[in-house]
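Notes follow the structure.
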Amino acid sequence: DVKVTQSSRYLVKRTGEKVFLECVQDMDHENMFWYRQDPGLGLRLIYFSYDVKMKEKGDIPEGYSVSREKKERFSLILESASTNQTSMYLCASSSDGAHTDTQYFGPGTRLTVL
Amino acid sequence: GENVEQHPSTLSVQEGDSAVIKCTYSDSASNYFPWYKQELGKRPQLIIDIRSNVGEKKDQRIAVTLNKTAKHFSLHITETQPEDSAVYFCAASTGEGNEKLTFGTGTRLTIIP
């Protein structure tokens, strides 16, 4: 069974702080994704990664960066947190195999920036 | 890039009735259309998906239909039950394993006992 875990369920930070959100998957998936979820806006893709040390911008990358040093771990970094980055952050992973497009999500991190 | 629109944003149905959620997409190259269900406080999970080589797919009480010409697809839930209450998201992609999904904005479905 695929397991995707995120480092924190709830996080409270102050404006200007550097914030790290960690995601780990245990199924040897090649692809990993970071989304933010806001009411009425659905799931919006921030960054994704096809492979170790590879990253691609999603639809809303501004204010974020990512790191993928190991295949199982994908980190989202807020260099200088702002109040408009208060949101639910969801990590997901998927395999590269044929007809295996299912994305498996982590439990989410609810980030509040004060 | 791809744009996915989803309607309605909220839907309430009596238990036992059917529910239909509709999505449209803009990129004619999209050929993979999954639906995710997110129960309150939980993570989204895939419930059904369809590829462009078929027009309909069923799995017990849920079904998805696809009209490639009109670029829309729909989720149908029959004989609704309280446990169907959740937020449902449609999505579209070109179907490659490493391609990103573009999600709709979600439909909050409430089943009225």
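The values are calculated or read from the model by the stated rules, or taken from the named source; none is laboratory data. Not measured: the values here are computed from a predicted model. Here the Cβ is made from the backbone with ideal geometry for all residues, glycine too, and neighbour counts use every protein chain on show. We work out accessible area using only protein heavy atoms, side chains counted, and drop any ligands, DNA or RNA first. Shrake-Rupley method; radii C 1.70, N 1.55, O 1.52, S 1.80 Å.
Output the qualifying pairs, or none if there are none: Cβ atoms under 9 angstrom, residues six or more apart or on different chains, first residue in segment A:28-56 and in contact (Cβ under 8 Å) with a residue 60 or more places away in the chain, second residue open to solvent by 40 Å² or more (accessible area, probe 1.4 Å) and assigned to a strand (DSSP E or B). Listed pairs, sorted by first residue: A:H29/A:Y104; A:M32/A:R73; A:Q37/A:R44.
Annotation: of all residues in segment B:32-60 being β-branched (V, I, T) and at pLDDT below 95, the one that is farthest from A:F33 (Cα to Cα) is B:V54. What about B:E79, is it among the charged types (D, E, K, R), open to solvent by 60 Å² or more (accessible area, probe 1.4 Å) and in contact with a Lys or Arg (Cβ under 6 Å, 6 or more places away or on another chain)? Spelling it out, B:E79 is indeed among the charged types (D, E, K, R), open to solvent by 60 Å² or more (accessible area, probe 1.4 Å) and in contact with a Lys or Arg (Cβ under 6 Å, 6 or more places away or on another chain).
The set of residues in segment B:1-30 being aliphatic (A, V, I, L, M) and more than 16 Å from A:R44 (Cα to Cα) consists of B:L11, B:V13, B:A19, B:V20, B:I21, B:A29. I want to confirm something. Restricting to segment A:61-105 and keeping residues that are out of contact with any Phe, Trp or Tyr (no Cβ under 9 Å at 6 or more places or on another chain) and open to solvent by less than 10 Å² (accessible area, probe 1.4 Å), which single residue is nearest to the other protein chains (Cβ to nearest Cβ)? Out of the qualifying residues, it is A:S87. Here the condition is being among the small types (G, A, S), modelled with pLDDT of 95 or more and under 30 Å from A:S49 (Cβ atoms); of B:A63, B:A91, B:A19, B:A29, it holds for B:A91 alone. Selection of first residues in segment B:7-26 that are open to solvent by 70 Å² or more (accessible area, probe 1.4 Å) and of second residues that are modelled with pLDDT under 95 and part of a loop (DSSP other than H, G, I, E, B), restricted to Cβ pairs under 8 Å at least 6 apart or on distinct chains, gives the following pairs, ordered by first then second residue: B:S9/A:G40; B:E15/B:P113.
Restricting attention to segment A:28-52 and to residues that are surrounded by 13 or more Cβ atoms within 10 Å (Cβ to Cβ) and out of contact with any strand residue (DSSP E or B) (no Cβ under 7 Å at 6 or more places or on another chain), the residue that is nearest to B:A91 (Cα to Cα) turns out to be A:L41.
In this structure, does A:T100 turn out to be under 18 Å from B:P44 (Cα atoms) and at pLDDT below 95? Spelling it out, A:T100 is indeed under 18 Å from B:P44 (Cα atoms) and at pLDDT below 95. Within segment B:56-104, the only residue that satisfies the criterion of being within 13 Å of B:K22 (Cβ to Cβ) and of a type in the set (K, R) is B:K71. Do you know which residues across segment A:1-28 are within 14 Å of chain B (Cβ to nearest Cβ) and in a loop (DSSP other than H, G, I, E, B)? Passing the criteria: A:D1, A:V2, A:K3, A:R9, A:M27, A:D28. Here are some residues: A:I60, A:I46. Which one is under 18 Å from A:Q6 (Cα atoms) and out of contact with any helix residue (DSSP H, G or I) (no Cβ under 7 Å at 6 or more places or on another chain)? None of the other options fit; the residue is A:I46. Of the residues making up segment B:45-67, those that are surrounded by 15 or more Cβ atoms within 10 Å (Cβ to Cβ), in contact with a Ser or Thr (Cβ under 7 Å, 6 or more places away or on another chain) and of a type outside the set (V, I, T) are B:L46, B:L66.
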